[in-house]
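The structure appears below as structure tokens.
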């Protein structure tokens, strides 16, 4: 049998819709990012919020214990239980969550650090440390979030008063001031490498400036952590930065391809679907992957090329010319040519299988409970579970 | 303690983000729809794709065994295992799924019907029936999907040739031709009751016409099944229709409020979130519910009032004036006033709780593994699990 037939045969055993993971592409994406960051002289802390899978994490991390970044305490507990103990929880801490943080630190001996950006949070941490004088969980490590670009949370990098006030409350309260953390969220709206590189420089300079304010006040700041997939991909120099975080780069997606951080051929995930009908007069092929399987993410709608709910490929993963998921209901996808395309609609019979590349890997993966892993021959070689929830 | 304090106290014990369900509103929404359809003289087959929960299903169905509608075979198996045996699987059948359909029918003694809209599918069903001459699962009931409004799948209601060809293949092949099924998908794009009532009449007339073609050819057609939440809400007469399906009406959401099928005060679900930060100069309140908790659904973006990622309420469920989730990252929500609002930003301190009404109940609920149920006093009285996957 030809390679494509072997692959089709292996996929035929799967119920659809389901999520496929191309392991060779994952390995290549990780190797490329590691080489890049090693060349820039910084540590790599992969963000596990996209994958939410120990199997993926073990391939992405530089060691079995991490470092790694998480977006929920559910992820922190899951990865810590799996032996990943060098963890940073990247969403600003709510006081109510400190007991869970302490519990994960204690139960797994995890070095789980938290993030905050206000004196009020620092005071809550100090009060919690005072009430929890346990030698394992009490010396709680904290990073101060700094706002690189006005995107979301964080102290302004030139707001030395707030930075040092937070730092002093933490140190006086017995927490460990580990450093500063930034996320260049606005880089996702750029698409030229030069502009993303400029955003990376803004992120770097903001981190170094904020660290400088802390150090000038006699406060410790060993870590300067930056990161986003676009800036990690295009940063030219990272002097003063100690670690870089990135997550979606592992998988890539159509949004990332639209801003140039990966090629379509680097995209690791696809949703396997089955043809369930046709509306031939309209040029529609109906498949059993709707937005529940693809997610509601329409991130490419704001890009130069709108990919609908995803690019449609054959079972071997080769895109059909101009074929996308034009619209989606909960469990129905409407596959059709791009508006204005002169390509021929492929003749996909009832029951035919196809693969859909996602707009946004984080959102699409979250709709599924596991990854069906494809080896280099396109065979399903494993099933990797993934977690959900908080 | 005042009622709102009792409620706030009960909510304080929950980890955020999480999904809340107001049981009194659910009961009222179900009672209203049942009374409406009883008055129109039709049976009610609630669609369980929104809730995916036996606890909700038992409150929505007219009997413990159904009737009910499902959107995945995973739902079919889950509900059948819970005693719901009168089921229709509403997504056009793929030949590969017939063994699973047969397995569910056999294992649970379920009357699980399927839907199709082509001669190719009917031939696949006939071949399957011929190969599975089991007295329980073999007399497979089938509904022919009819296209009410060009929205998605289905045979045109005036295409007597295709309708009767499908019917003949099914009957000759030993399947049970149960009737026709329609879904007025375009009704979700309307917002005046008169226009939705007109869409309901189009849906009704198409169903009756298609059934007439089958009956004129000597084929059975006992069931004429129509349904969508908008048409179920505003249909004025349903002569010739035997059953109505609807799902999202149980919960309501901001999209449905935008088209007038419910009021904001009828919305059953909300996402409980915690304030984790502020960007005071921008008027932003940062919360720990991002698109992972709210879903990526932005259905109200195309409506007269764009609700962002949802309307923000206090812990008792009362909306703050003009306060919405303006933007969302994976685990961060940016709460702010609507553009142009003259309202005052409420003073929500670090750690404060708030509730977010969803754009689309089906999509938001799918991001969560359970419902935290609030009783009439606003206390958390139960946790109801829900399922996911296919």
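Quick notes
- Counting only DSSP beta bridges whose two residues both lie in chain B, roughly 50 percent are antiparallel.
- Relative contact order (%) - criterion: Cα under 8 Å, at least six apart; region: segment A:24-251: 20
- Rounded if a/c under 1.5, otherwise prolate or oblate - segment A:27-156, Cα gyration tensor axes: oblate
- Computed per residue of chain B from DSSP H runs no shorter than four, each worth -39500 (n - 2.57), the mean residue ellipticity at 222 nm is -9500 deg cm²/dmol.
- Between the helical axis of A:3-12 and the longest alpha-carbon principal axis of chain A there is an angle of about 80 degrees.
- Think of the axis that spins chain A onto B; the A residue whose C-beta lies nearest it, and the distance in whole Å, is A:296, 2.
- Peptides B:381-389, A:305-313 ordered by packing proxy, namely the average of other Cβ atoms within 10 Å per residue, highest first: A:305-313, B:381-389.
- Within 10 Å of each Cβ in B:326-333, the average number of Cβ atoms from other chains: 5
- The mean count of C-beta atoms from other chains within 10 Å of the C-beta of residues in A:271-279, rounded to a whole number, is 5.
- Averaged over A:150-161, number of beta-carbon atoms from partner chains that fall within 10 Å: 3
- Shape category assigned to segment A:1-90 from the gyration tensor of Cα positions, a/c cut at 1.5: oblate
- Sorted by Cβ neighbour density within 10 Å, fewest at the top, the residues B:368, B:360: B:368, B:360
- Spherically averaged projected area in nm², based on the convex hull that wraps the Cα atoms of chain A: 19.3
- The calculated P(r) of the protein assembly as shown, using every Cα pair and 20 Å bins from 0, goes 16, 48, 30, 6, 0 in percent.
- Taking label points 7 Å from Cα along the Cα-to-Cβ direction, residue A:24 and residue A:281 give a separation of 4.5 nm.
- Cα-derived Rg over Rh, computed across segment A:318-390 with Rh taken as Kirkwood radius: 1.01
- Distance between segment A:96-138 and segment B:134-199 - C-alpha centres, whole angstrom: 58
- Between helix A:160-172 and chain A there is an angle of about 70 degrees, using the helix long axis and the longest principal axis of the Cα atoms.
- Label-point spacing at residue A:133 relative to the other copies reads 8.3 nm, in ascending order, each point sitting 7 Å out from Cα along Cα→Cβ.
- Which of A:128, B:291 has the fewest Cβ neighbours within 10 Å, and the rest in rising order: A:128, B:291
- Least to most buried among A:61, B:292 (fewest other Cβ within 10 Å first): A:61, B:292
- Rounded tilt (10° steps) of A:98-108 against the dominant C-alpha axis of chain A: 80
- Chain A: most fluctuating residue of A:235, A:57, A:281 per GNM, C-alpha cutoff 10 Å: A:281
- Shape category assigned to segment A:24-251 from the gyration tensor of Cα positions, a/c cut at 1.5: oblate
- Bridge type composition, segment B:236-382 - antiparallel percent by DSSP, nearest 5: 95
- Calculated FRET efficiency for the pair residue B:302/residue B:343, C-beta based, R₀ 30 Å, to 0.05: 0.80
- Spin-label model, residue B:74/residue A:32: points 7 Å from Cα along the beta carbon direction are separated by 3.1 nm.
- Counting DSSP beta bridges with both ends in the protein assembly as shown, the antiparallel % (nearest 5): 50
Every read-out reported here was derived from the displayed coordinates using simple, explicitly stated rules and does not represent laboratory data. Worth saying up front: this structure is predicted, and the values here are computed from it rather than measured. A quick note on method: Cβ atoms are made from the backbone with ideal geometry, for glycine too, and the neighbour counts reach across all protein chains shown.
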